[in-house]
Amino acid sequence: MQGSCLCGAITYEADHIEYIGFCHCPTCQIAQGAPYIAAGSIKREQFRWLSGEDKLSAYDSSPGKFRRFCSVCGTPLLSERLSQPRIALRVNTLHKDPNMRPNHHIWLSDECAWTQDNPSLPRYPEWQPKHP
């Protein structure tokens, strides 16, 4: 599977994602600008940067945890602890469906109340129609 940042300056390849989970912790919320993230666990040896590694920036968001992102467009790509055998890939940066679905949520104690799924909200296949 291949993926990239928004501007395409950084590309990567991932061989096998072990599982996908949603994280609702405040650090992920702020770093992603979203109520939660979809992270895929992948062994380091099954992940490779293909291009643009020199455009990669990192932020040590908590002791020993680095969030890696594109220095050009700002796209978050992964987070990692160098002492751990796996990285947490941002699944939404993949170019194709990974053919698996998330199997857990973590840090629900920090879940944003306003993001609760509400099936009564209108849903649109693309952009919302203009308001009257």
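The values are calculated or read from the model by the stated rules, or taken from the named source; none is laboratory data. In this text the structure is predicted, and so the values were computed from the model without any measurement. Virtual Cβ from ideal backbone geometry, glycine too; neighbours counted across all protein chains shown. Surface areas here come from the heavy atoms of the whole protein model, side chains and all, with no ligands, DNA or RNA. Shrake-Rupley method; radii C 1.70, N 1.55, O 1.52, S 1.80 Å.
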### Task
On the full set of protein chains, 1.4 Å probe, figure out the accessible area of residue 6 and give it in Å² to the nearest 10.
150 Å²
### Message
Using the crude model of +1 on Lys and Arg Cβ and -1 on Asp and Glu Cβ, and no other charge, please compute the dipole size for the chain relative to its Cα centre, in debye to 20.
### Response
60 debye
### Query
Solvent-accessible area per residue for the chain at a 1.4 Å probe radius, Å²?
65 Å²
### Query
On full extension of the chain, what length is gained from residue 126 through residue 97, given 0.36 nm per residue of separation minus the C-alpha to C-alpha distance?
8.6 nm
### Query
So how far apart, in nm, are the two label points at residue 105 and residue 27 if each is 7 Å from Cα heading toward Cβ?
2.1 nm
### Message
Give me the extension gain from residue 114 to residue 13: residue separation times 0.36 nm, minus the current Cα-Cα distance, reported in nm with one decimal.
### Response
32.9 nm
## Note on the structure
Taking the chain, the whole-percent share of alpha-carbon pairs separated by over 17 angstrom is 63 percent
#### Entry: Qualifying GluC sites (Glu not before Pro) for segment 1-92 [loop in DSSP, other Cβ within 10 Å: at most 13]
18
